[in-house]
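Participant: My structure is below; once you've seen it, I'll send some questions.
The values are calculated or read from the model by the stated rules, or taken from the named source; none is laboratory data. In this text the structure is predicted, and so the values were computed from the model without any measurement. Cβ sites come from the backbone with ideal geometry, for glycine too, and all protein chains shown count toward neighbours. To get the accessible areas, we keep the full protein, side chains included, count just its heavy atoms, and leave off ligands, DNA and RNA. Shrake-Rupley method; radii C 1.70, N 1.55, O 1.52, S 1.80 Å.
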Amino acid sequence: DAGVTQSPTHLIKTRGQQVTLRCSPKSGHDTVSWYQQALGQGPQFIFQYYEEEERQRGNFPDRFSGHQFPNYSSELNVNALLLGDSALYLCASSLDRASGRASSYNEQFFGPGTRLTVL
Amino acid sequence: ELKVEQNPLFLSMQEGKNYTIYCNYSTTSDRLYWYRQDPGKSLESLFVLLSNGAVKQEGRLMASLDTKARLSTLHITAAVHDLSATYFCAVDIRGYFGNEKLTFGTGTRLTIIP
């Protein structure tokens, strides 16, 4: 059973560029959440996708956008990159409770992350 | 706004010693998670605590939850070098649609000295 996968592993961009990160959820999961982890800090919630729509959003500017595809995979897009966008980007998948198949809590399973460096 | 605080931020301890990491959070929450992160790696789930008084143990690690005090602890018994890592607690905020949105603590960087 494949876990959460992310691509690419590492990425180097320059200021002002745009980047797309990809995530495939754990088999059977339908919800994808994205987190940003700056060096030396805890992960911060960016947004969550379910049924191809953004369902929740953290305190991130509109430069951060996403998409979820019918197969539940997801993309995170960041426009007009800033130096401060350098971070480890983590994708987490879970099973929505409305599916009826979730346990009393629908734990999020994290992928290996994409390390983004903005120069 | 939910705030999650951990202390200490840095912990250096000798092998064989015991210590506790504390996680305080500011508002009522459904559940609390503990994660381990090795340098440059992703998050490894350690414990999920679902109710007041919950206690879970795995090897040399034991986690507990006091929802009334809004406090969770991660206790390390007879530390070994392999436990060196950064430990995060994360608190669930159930969104409007009922799905988890995790708020993480600042992390505790644990170094075990031989």
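Participant: Per residue Cα convex hull volume for chain A, in cubic angstrom?
Facilitator: Per-residue hull volume (Cα only) is 100 Å³.
Participant: Note down the Stokes-Einstein diffusion coefficient of the stretch B:4-113 in µm²/s, whole number, using a Kirkwood radius over alpha carbon pairs, 37 °C, and 0.692 mPa s.
Facilitator: 234
Participant: Now for a separate question. For the protein assembly as shown, give the magnitude of the charge dipole about the Cα centre (Cβ charges: +1 Lys/Arg, -1 Asp/Glu; no others), in debye to the nearest 20.
Facilitator: Using only the charged Cβ atoms, the result is roughly 400 debye.
Participant: Sticking with this structure for a sec: If you take the accessible area of A alone plus B alone and subtract the pair, what total do you get in square angstrom, rounded to 100, with a 1.4 Å probe?
Facilitator: 1900
Participant: Could I ask something else about it? Putting +1 on Lys and Arg Cβ atoms and -1 on Asp and Glu Cβ atoms, find which of B:LEU50, B:GLN37, B:THR27 reaches farthest to the positive end of the dipole of chain B.
Facilitator: The Cα lying farthest towards the positive end belongs to B:THR27.
Participant: Same structure again: Going by average Cβ density within 10 Å per residue, which order do the peptides B:69-80, A:52-63 take, highest to lowest?
Facilitator: B:69-80, A:52-63
Participant: Lysine pairs, Cα distance under 25 Å, 8 or more residues apart or cross-chain: how many in the protein assembly as shown?
Facilitator: Summing the qualifying lysine pairs gives 13.
Participant: About the Cα centre, and with charges only on the beta carbon of Lys, Arg (+1) and Asp, Glu (-1), how big is the dipole of the stretch A:5-118? Nearest 20 debye, please.
Facilitator: Here the size comes out at about 340 debye.
Participant: Could I ask something else about it? Could you give the alpha-carbon Rg of the protein assembly as shown over 2.2 N^0.38 Å, rounded to two decimals?
Facilitator: Cα Rg divided by the expected 2.2 N^0.38 Å: 1.01.
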